Every structure is written in structure tokens, then in C-alpha cells.
Amino acid sequence: MPILRSGRLFVTCALAAIAMQVHAEARHFEMTIEELDLQVAPGFTAKVWAFNGQVPGPLIHIAEGDDVEVVVQNNTTMSHTVHWHGMYQTNSWQSDGVPDITQKAIEPGESYTYRFVADKTGSLWYHCHVNVAEHIAFRGMWGPLIVDPKKPTKLEREVTKDAVLMFSGWNTKAAAAYGVGGAPDETLNYFSINGKSMPMNQPLRVRKGDVLRLRLFAATIPASFHPHGHDALVIAKDGTPIKNPYPVDVLAIQPGERYDLIMRMNNPGIWVAHDHIEHHTTNNGKDHGGSMFVLEYEEIEKPDWYMWKNVAYEPDFYMSESLKKPHGMHNIEAFKAFDPAQPARGGDSAAAGHRH
């Protein structure tokens, strides 16, 4: 009889595994790394190594159990890798993206194919793992990797609007040339969300009754996130749901960490949200910049003196629109960097980039 029960258990487990495979999708993506310039703030442009020509890199949005293949082509003058931060890489350690340990670095003009099963869910990310003190810290080599769980929590099912915010810092002394920067005593003097400092970022528009999920990524700097007019509920840490969500009005985040917050849009107004590390809300020492943004309720009429009264609104700046699309890799026009050797197109150059 025990043998029979063991046999049934084996068959049950085998059927469950087959069911997961049946529902999993094969995802093939191609990603390049390019040498471009990115306008971060008015008057400040940095040289970046841009995944698919943008900073942050393209949104990769997949589902738990998907079989993922990413071909990365290095079109730059230096070597790189891609680390899929948070992914377990079960039976795929060769795709963990660490040079001279799990792979040889991708040399200029070469490519590497990463293959793994999406066996970790939530707010993950990807980034270069070569000379991270420069490649991540000053060159924009990072992007979001969102893996939807097969069984979302009750709170996750309530969400009506999703937003991704990636916090980073910049050093003007290292911005103008590749291969420099990253010393411990260097000073950061610009700060950004999704690669742009206020006022070059965007408002996040909501409506009363929305259940907003903010996916916060401390990509290169610590942050201390504080929304005005609302509390937030912490529901996940580094992609893993928290058993007992807890409210915050200031949340400290260390580099590499991710937190998912739920905010119930129940207080109509025009509200700022910002990093509460004081100098992070400056542009090279000038106040009212850096890693700040505005939550705008659509129902509220904007005063004539409001700084974003006539903003050329880009609804996908926080990836909210792309996250509604079918699973895949989504390039986002608002994040595009530009080739300084090419004639400027609308939105590409420092002259055209500030459209408020």
C-alpha cells in the first residue's frame, strides 16, 4: 500500500510539472548595447551604454515558468555581460552573467545567448556585471524584468495601475568619457528616476479610486521614498510577497533592492513624491530637481502657475502602458538616448529634450 501511495504521488507531481510546461511560453528576445548620449537634466548629458538604445533598458515582462532566450549583441568599444538580478538560474548557471566565472565577457562586436526559465517572480531587474562601479553607476546599464506570478495575491489582483520607478545617480566628472569613473571618493551631483531628473521626467497621472502599484528599484543609489498626501502599503520585497504588508510614509531602499508598494488613490490633488535624502532632490546643487515626481489626479484642474500645466504628457514614462500590453520586450520612446554624431530629431538632443 505505501508503494501505491508513493506511485500516485509521483504521478501527481509529474502531471503538475507537465501542466506548468504546457502553460509556459517560449520567449525569444534580441537586445543590443549601444554607445549613445543621454540627456538627464537641462544642461547635463552623459555618455551611456544603452540596452536597445535606451536608459532604462527595455521593459522585459514575462510570466512565471516562461522559457526565456535573450541574444545580446555588443556594439560598443568595451566588454559587457548581462546579469538577471533575482533570477535563480536553476540548471542555467552559465546565464548568470558574471565575467570570468559564469561566462567570458561579451567583447566588442560579439554576442552571447542567455537561456533560463523564469522561476522567480515579481520585480526583478537586469544589469551589466563588468566593472559595475562604472557600467551600472554611470552608464545606465540596467532595466526592469517583471515576472508575473501564476497565482497573484489578493492585493495584487486589486491593482488598476502599475508603475516602475528606477532611481539612479550621475557624476558630471565621469559623464563625458567612457572608461572612467567609479572611485569611492567620487561625488554624485545629479539624481534621476527612469534616467531623467525633474523637471525632465513626467507626472504620474491617476484617477480617484485607482489602486496604484509602485515598483521601486534602487538601481544605483540608496533612496528614501516619501509620497505626500498618502500612505503606502509595502506588499513585496525583492520580488517576494510579504506575508504581513505594512504601511509606510517613508521607505528606505538600499542599492539593488526593490519594493512593491500599494497606494490607494483616495485623496484627489496634485501631490509630490520624492527621495527624502535631501541632496537627491537637487540638480548639481539646485533645489527642486533630481529624484522627484508628481502624482496628478486627472479630476483636478491644473492652476496656470503649475510647472507642468502644459506638459507634453508621455503616459508610458513609468511603463504603465507597456505593462498593460501582452508579455514581451517593450522598448519605450521616452527613454531613448541619441547619437551625438547624427542630426538631432524631435526629442533626441539636449536642445529638443525638454518639452515642458
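Report yes if ILE262 is surrounded by 17 or more Cβ atoms within 10 Å (Cβ to Cβ) and out of contact with any Asp or Glu (no Cβ under 7 Å at 6 or more places or on another chain), otherwise no. Spelling it out, ILE262 is indeed surrounded by 17 or more Cβ atoms within 10 Å (Cβ to Cβ) and out of contact with any Asp or Glu (no Cβ under 7 Å at 6 or more places or on another chain). Taking PHE116 as the residue in question, decide whether it is of a type outside the set (S, T, N, Q) and at pLDDT below 95. Spelling it out, it is not the case that PHE116 is of a type outside the set (S, T, N, Q) and at pLDDT below 95. In the stretch 189-205 there is no residue that is of a type in the set (Gly, Ala, Ser), outside any strand (DSSP E or B) and surrounded by fewer than 23 Cβ atoms within 10 Å (Cβ to Cβ).
Checked against the criteria, GLU298 counts as more than 24 Å from GLY86 (Cβ to Cβ) and touching a residue at least 12 places away in the same chain (Cβ under 8 Å). The criterion of being farther than 22 Å from ASP238 by Cα, open to solvent by less than 20 Å² (accessible area, probe 1.4 Å), among the hydrophobic types (A, V, I, L, M, F, W, C) and not in a loop (DSSP other than H, G, I, E, B) does not hold for LEU145. Candidates in the stretch 177-198 are the residues that are within 24 Å of ALA232 (Cα to Cα) and of a type outside the set (D, E, K, R); of these, the one that is farthest from the chain's Cα centre (by Cα) is MET198. In the stretch 164-187, the qualifying residues are those that are touching a strand residue (DSSP E or B) at 6+ places or on another chain (Cβ under 8 Å) and open to solvent by 30 Å² or more (accessible area, probe 1.4 Å), and the one that is farthest from THR77 (Cα to Cα) is THR172. Checking each residue in the stretch 289-333 for being aliphatic (A, V, I, L, M) and under 20 Å from GLY57 (Cα atoms) picks out MET319, LEU323, MET329, ILE332.
Considered as a group, the residues in the stretch 234-244 that are open to solvent by less than 50 Å² (accessible area, probe 1.4 Å) and in a strand (DSSP E or B) include one that is farthest from THR121 (Cα to Cα), and that residue is VAL234.
The values are calculated or read from the model by the stated rules, or taken from the named source; none is laboratory data. Owing to the predicted nature of the structure, the values given are computational and were not obtained by experimental measurement. With ideal geometry, Cβ positions are generated from the backbone for all residues, glycine too; neighbour counts draw on all protein chains shown. The area values use the complete protein model at the heavy-atom level, side chains included, leaving out ligands, DNA and RNA. Shrake-Rupley method; radii C 1.70, N 1.55, O 1.52, S 1.80 Å.
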